[in-house]
Amino acid sequence: MTAVVLGETDAAWLSHLDDVAARASAAGDNIDACLHFAREVGSSAPLPGSGRTRELWELLATAGAADLTCARVLEPHLDALAILDQAGLHGEESSTWGVYAAEGPGVAVTARASGDASLLDGTKPWCSLAGVLDRALITAHTGKRSRRLFSVDLRNPGIAVDSGGWFARGLTNVQSESVTLAAVPATPVGDDEWYLRRPGFAWGGMGVAAVWFGGAVALARSVAEKLSRRELDQIGALQLGRLDLLLHAGRTVLSAAAAHVDSGGGDIEIEAQRVRSTVAHIAEEVLTIAGHTLGPAPLALDDVHARRVADLTLYVRQDHAERDVARLGTLIGSGEAPW
């Protein structure tokens with residue numbers, strides 16, 4: 001089985017997911033192929049909150065299980081298209097997109113008016129694939145305490161990309177770069193603070209967790225396949241049982257959250273943090289189980305397995321670990337405990 005599903009699905013969608021998995025696997029860590037894959041998949045992918053959120057997350061999880069580099073290219077591309085749709089705008093289907101909202105110490109991007117246009121100046125850190133993408137959605141400061149989202153053409157001559165300093169052993173070809181903008185024309189997307197206030201911000205964060213889940217599923221499948229080659233002892237059976245419990249929990253959490261998104265109910269900020277922290281924990285546990293069960297051999301001698309471990313280890317660090325769990329506790333503590 002190549003698809004990653006979160007519940008019962010029909011044969012046509014399952015076939016589509018299998019095709020997505022095959023194309024993601026074929027693209028592998030070739031960035032040009034991954035960009036082509038993202039454009040193709042993005043042209044027909046479901047939008048979050050459209051009644052098909054579970055299918056969207058199954059698509060992301062399936063891509064993550066097939067190849068995390070390809071999924072890492074696809075996820076922000078789909079997120080950008082969803083953000084534009086939520087703002088009532090249309091993304092160029094022939095373009096590849098990134099979303100750059102990170103902040104860093106001592107650097108910032110500011111927006112200023114110039115006639116009827118908006119111009120961006122400053123430096124934005126953590127801009128993955130800025131040197132090869134066509135366009136991006138970038139947050140910029142419009143005042144001392146306000147930020148706004150803007151669409152920019154990454155081919156503009158006022159943009160300089162610093163591609164040095166990427167030493168990662170996971171997601172090695174998804175370089176995260178600093179981008180410096182000098183009077184770069186930009187199109188506003190939503191009002192001040194809209195990017196962070198909209199429900200879609202939480203939806204996008206859970207979409208990332210769906211990719212983590214796909215990576216964990218693939219790693220668990222690798223453990224099961226390798227154990228099948230030898231007589232299953234009590235420790236092997238224990239580890240398979242642990243993997244099943246973890247993945248069942250992840251599938252249940254993501255499926256319930258997708259239904260929650262599509263129903264428009266409840267506190268989506270709390271829901272999103274629960275999902276991200278739960279799936280991040282599951283991914284970390286699966287990484288540990290794989291290491292304890294299989295030992296060093298596949299890390300040293302199996303290229304696919306070793307890359308998957310390195311990619312997932314880096315990718316899941318987008319989660320802020322204990323800080324995010326503490327944030328969840330703060331959200332719970334601000335009202336009546338929901339349990």
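In the set VAL179, VAL161, only one residue is touching a Cys at 6+ places or on another chain (Cβ under 9 Å), within 19 Å of GLU103 (Cβ to Cβ), touching a residue at least 24 places away in the same chain (Cβ under 8 Å) and open to solvent by 40 Å² or more (accessible area, probe 1.4 Å); that residue is VAL161.
In segment 225-248, what residues are surrounded by 15 or more Cβ atoms within 10 Å (Cβ to Cβ) and either hydrophobic (A, V, I, L, M, F, W, C) or touching a Phe, Trp or Tyr at 6+ places or on another chain (Cβ under 7 Å) (or both)? Walk me through how you get there before you give the answer.
Filtering segment 225-248 for residues surrounded by 15 or more Cβ atoms within 10 Å (Cβ to Cβ) gives 226-227, 236, 239-240, 242-243, 246-247.
If the condition is that a residue be surrounded by 15 or more Cβ atoms within 10 Å (Cβ to Cβ) and either hydrophobic (A, V, I, L, M, F, W, C) or touching a Phe, Trp or Tyr at 6+ places or on another chain (Cβ under 7 Å) (or both), then LEU227, LEU240, LEU243, LEU246, LEU247 are the ones that fit.
Answer with yes or no whether HIS281 is under 18 Å from the mean Cα position of the chain (by Cα), closer than 30 Å to ILE332 by Cβ, open to solvent by 30 Å² or more (accessible area, probe 1.4 Å) and without any contact (Cβ under 8 Å) to a residue 12 or more places away in the chain. Spelling it out, HIS281 is indeed under 18 Å from the mean Cα position of the chain (by Cα), closer than 30 Å to ILE332 by Cβ, open to solvent by 30 Å² or more (accessible area, probe 1.4 Å) and without any contact (Cβ under 8 Å) to a residue 12 or more places away in the chain.
Could you please let me know if ALA310 is without any contact (Cβ under 8 Å) to a residue 60 or more places away in the chain, part of a helix (DSSP H, G or I), open to solvent by 10 Å² or more (accessible area, probe 1.4 Å) and not polar (S, T, N, Q)? Don't jump to the end; show me each part of the working.
On the way: without any contact (Cβ under 8 Å) to a residue 60 or more places away in the chain: no; part of a helix (DSSP H, G or I): yes; open to solvent by 10 Å² or more (accessible area, probe 1.4 Å): yes; not polar (S, T, N, Q): yes.
No; evaluated as a whole, the condition is false for this residue.
Only one entry in ALA45, ALA71, ALA12, ALA80 is farther than 24 Å from LEU129 by Cα and not basic (Lys, Arg), namely ALA12.
A residue that is closer than 18 Å to GLN175 by Cβ, under 14 Å from the mean Cα position of the chain (by Cα), open to solvent by 10 Å² or more (accessible area, probe 1.4 Å) and not polar (S, T, N, Q) occurs nowhere in segment 80-90. Picking from residues in segment 141-187 that are among the charged types (D, E, K, R) and assigned to a loop (DSSP other than H, G, I, E, B), the one that is modelled with the lowest pLDDT is LYS144.
The set of residues in segment 236-265 being in contact (Cβ under 8 Å) with a residue 24 or more places away in the chain and within 16 Å of VAL223 (Cβ to Cβ) consists of GLY236, GLN239, ARG242, LEU243, LEU246, LEU247, GLY250.
Going through ASP262, ASP303, ASP267 one at a time, which residue ends up being of a type in the set (D, E, K, R) and open to solvent by less than 80 Å² (accessible area, probe 1.4 Å)?
ASP262
Considering only residues in segment 1-59 that are in contact with a helix residue (DSSP H, G or I) (Cβ under 8 Å, 6 or more places away or on another chain) and hydroxyl-bearing (Ser, Thr, Tyr), the one that is nearest to HIS260 (Cα to Cα) turns out to be THR53.
The values are calculated or read from the model by the stated rules, or taken from the named source; none is laboratory data. The model shown is predicted, which means the values in this text are computed figures rather than measured ones. Neighbour counts are summed over all protein chains in view; Cβ atoms, including those assigned to glycine, are modelled from backbone coordinates with ideal geometry. Accessible surface areas use protein heavy atoms only, side chains included; no ligands, DNA or RNA. Shrake-Rupley method; radii C 1.70, N 1.55, O 1.52, S 1.80 Å.
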